[in-house]
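See structure below.
The values are calculated or read from the model by the stated rules, or taken from the named source; none is laboratory data. Keep in mind it's a predicted model, so treat the numbers as computed, not measured. Note: ideal-geometry Cβ built from the backbone for every residue, glycine included; neighbour counts use all protein chains shown. Just so you know, the surface numbers come from the protein's heavy atoms only, side chains and all, with ligands and any DNA or RNA stripped out. Shrake-Rupley method; radii C 1.70, N 1.55, O 1.52, S 1.80 Å.
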Amino acid sequence: YVHADLHPAKSINGIFYVGTDGLFAKSIDQGVSWEVLSDGLGIRENYKLGVSQSNHYKSISGSQDNGSSLKTKEGWIEFYGADGMEGIIHPLNDDWIISSFQYGGRRRSKNGGQTTDNGAPANETGSANAQWEAPFCYDPNNHMTLYHFSNEVHRSDDFGDTWTEIGSPSLFGGMIKEAAVAQNNSQIMVIASGSVIEKSTDGGVTF
């Protein structure tokens with residue numbers, strides 16, 4: 001796989017060389033197959049890192065143009081493509097994972113990354129309603145409860161199977177850029193956009 005964003009691309013004596021946002025590679029058969037020359041170099045630009053609380057070998061990181069990558073005891077799994085953003089691993093079951101991509105898209109797995117499905121509200125998958133790096137988290141007091149933030153606050157009580165729109169900002173319009181749920185009280189939530197910060201004391205229904 002050669003990433004679509006090409007920068008240098010040269011042919012020298014019939015050998016093709018390309019530098020992309022993902023790798024530096026060469027082809028000796030006119031581009032039919034590629035050998036990656038940059039393997040082993042840690043050159044990705046990571047947005048977020050999610051760490052398992054039950055398996056110290058496992059983490060998930062999202063990186064610019066190189067998707068979400070799952071680190072396991074055995075090595076790396078390229079979990080999902082696009083621009084990798086926030087990633088979370090269920091604290092009690094490290095096979096349950098959700099990654100993110102640009103504008104609030106989410107991909108979920110319940111088998112350690114072998115297969116994935118949609119983990120966002122149906123009408124919110126990578127939509128223009130959400131910030132480029134849209135906030136996403138689980139409730140620190142109930143790990144089956146997830147929060148997806150776009151123009152509104154969405155909550156799932158079943159780790160992404162179903163979603164409910166519960167509230168929206170009262171002072172600022174448009175996208176929620178930062179969000180957090182209180183560690184000791186799930187009813188307390190803070191959202192922000194630029195210099196405007198709003199607080200909810202009823203779980204995100206009103207701010």
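GLY160 passes all but one of (1) outside any loop (DSSP other than H, G, I, E, B); (2) crowded, with 18+ Cβ neighbours inside 10 Å; (3) touching an Asp or Glu at 6+ places or on another chain (Cβ under 9 Å); which number fails?
(1)
Hey, could you check the range 73-130 for residues that are among the hydroxyl-bearing types (Ser, Thr, Tyr) and more than 10 Å from the chain's Cα centre (by Cα) and say which is least open to solvent (accessible area, probe 1.4 Å)?
Here the residue is SER109.
Pick from GLY40, GLY19: which is over 30 Å from ASN93 (Cβ atoms) and part of a strand (DSSP E or B)?
Just a single option satisfies the conditions, and that option is GLY19.
Conditions tested, residue by residue: (1) under 21 Å from MET175 (Cα atoms); (2) of a type in the set (Asp, Glu); (3) out of contact with any Leu (no Cβ under 7 Å at 6 or more places or on another chain).
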{"residue": "GLN102", "(1), (2), (3)": "yes, no, yes"}
{"residue": "GLY113", "(1), (2), (3)": "no, no, no"}
{"residue": "THR125", "(1), (2), (3)": "yes, no, yes"}
{"residue": "THR145", "(1), (2), (3)": "no, no, yes"}
{"residue": "SER156", "(1), (2), (3)": "yes, no, no"}
{"residue": "THR164", "(1), (2), (3)": "yes, no, yes"}
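Do we have VAL32 as over 18 Å from the mean Cα position of the chain (by Cα), β-branched (Val, Ile, Thr) and not in a loop (DSSP other than H, G, I, E, B) here?
Against the criterion (over 18 Å from the mean Cα position of the chain (by Cα), β-branched (Val, Ile, Thr) and not in a loop (DSSP other than H, G, I, E, B)), VAL32 does not qualify.
Which condition from (1) over 19 Å from HIS90 (Cβ atoms); (2) in contact with a Phe, Trp or Tyr (Cβ under 8 Å, 6 or more places away or on another chain); (3) surrounded by fewer than 16 Cβ atoms within 10 Å (Cβ to Cβ) is the one that MET144 breaks?
Here MET144 clears every test but (1).
Go through the range 191-207 and give me each residue that's within 22 Å of ASN141 (Cα to Cα) and either open to solvent by less than 30 Å² (accessible area, probe 1.4 Å) or touching a residue at least 12 places away in the same chain (Cβ under 8 Å) (or both).
Correct list: ILE191, ALA192, GLU198, SER200, THR201, ASP202, GLY203, GLY204, VAL205, THR206, PHE207.
Give the range 177-203 a look and list any residue that's closer than 23 Å to MET144 by Cα, in a loop (DSSP other than H, G, I, E, B) and among the hydroxyl-bearing types (Ser, Thr, Tyr), or say none.
SER186, THR201
Name the strands (runs of 3 or more DSSP E) wholly inside the range 64-152 in which the number of residues that are of a type in the set (D, E, K, R) is 3 or more.
Because the criterion is at least 3 residues that are of a type in the set (D, E, K, R), the strands (runs of 3 or more DSSP E) in the range 64-152 that meet it are 105-109.
So that you can scan it fast, the table gives a plain yes or no per residue for (1) touching a Gly at 6+ places or on another chain (Cβ under 8 Å); (2) open to solvent by less than 60 Å² (accessible area, probe 1.4 Å); (3) modelled with pLDDT under 95:
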residue	(1), (2), (3)
ILE15	no, yes, no
ASP29	no, yes, no
LEU37	no, no, yes
LYS58	no, yes, no
SER69	yes, yes, yes
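Pairs needed: first member in the range 33-60, among the basic types (Lys, Arg); second member anywhere, in a strand (DSSP E or B); C-beta distance under 6 Å; at least 6 residues apart or different chains.
ARG44/SER63; LYS48/GLY62
Taking the range 17-27 only, how many residues are of a type outside the set (Phe, Trp, Tyr), modelled with pLDDT of 90 or more and closer than 29 Å to SER100 by Cα?
Number of matching residues: 3.
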